[in-house]
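These notes are about the structure you will find just below.
The values are calculated or read from the model by the stated rules, or taken from the named source; none is laboratory data. Note that the coordinates shown come from a computational prediction; the quantities given were computed from them, not determined experimentally. Note that we place each Cβ from the backbone using ideal geometry, even for glycine, and neighbour counts take in every protein chain shown.
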């Protein structure tokens, strides 16, 4: 898949964005080929704008390279414990794995614990 991605990028240049999603334990790589203007990050930014939310009010959770634009947009970017090592070494917070209910843990930690005192009963 790495060789194919390189060839595709060489052929299409800036007309395409490529994101690899690797699942090493399963020996599987998925290659996302997108328009240069499309990404999970640009989609999340558009939704945040529609909802009147600032970046600081947005949390994104991901586990692979195709999630990077979204994680970088969010005020709180969280990666799963089962994410690629490279992502876990970045500036993002790390939560539990899929098997450890990592999404629920992140919601508890970064959303529910960030409530103001007046919101505690809601």
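Residue 106 falls short on exactly one of the conditions (1) touching a helix residue (DSSP H, G or I) at 6+ places or on another chain (Cβ under 7 Å); (2) touching a residue at least 40 places away in the same chain (Cβ under 8 Å), and that condition is (1). Flag set for residue 28, criterion: over 21 Å from residue 103 (Cα atoms), in contact with a strand residue (DSSP E or B) (Cβ under 9 Å, 6 or more places away or on another chain), surrounded by fewer than 18 Cβ atoms within 10 Å (Cβ to Cβ) and without any contact (Cβ under 8 Å) to a residue 12 or more places away in the chain.
For every residue, the table says whether it meets (1) on the phi < 0 side of the Ramachandran plot; (2) at pLDDT 95 or above; (3) surrounded by 17 or more Cβ atoms within 10 Å (Cβ to Cβ).
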site: 71; (1), (2), (3): yes, yes, yes
site: 83; (1), (2), (3): yes, no, yes
site: 100; (1), (2), (3): yes, yes, no
site: 104; (1), (2), (3): yes, yes, no
site: 122; (1), (2), (3): yes, no, no
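Exactly one residue out of 6, 21 is in contact with a helix residue (DSSP H, G or I) (Cβ under 9 Å, 6 or more places away or on another chain) and either surrounded by 13 or more Cβ atoms within 10 Å (Cβ to Cβ) or not in a strand (DSSP E or B) (or both), and it is 21. In contact with a strand residue (DSSP E or B) (Cβ under 8 Å, 6 or more places away or on another chain), over 24 Å from residue 5 (Cβ atoms) and in contact (Cβ under 8 Å) with a residue 24 or more places away in the chain: is that true of residue 78 in this structure? The answer is yes for residue 78.
When restricted to residues that are in a helix (DSSP H, G or I) and crowded, with 22+ Cβ neighbours inside 10 Å, the range 51-68 contains 1.
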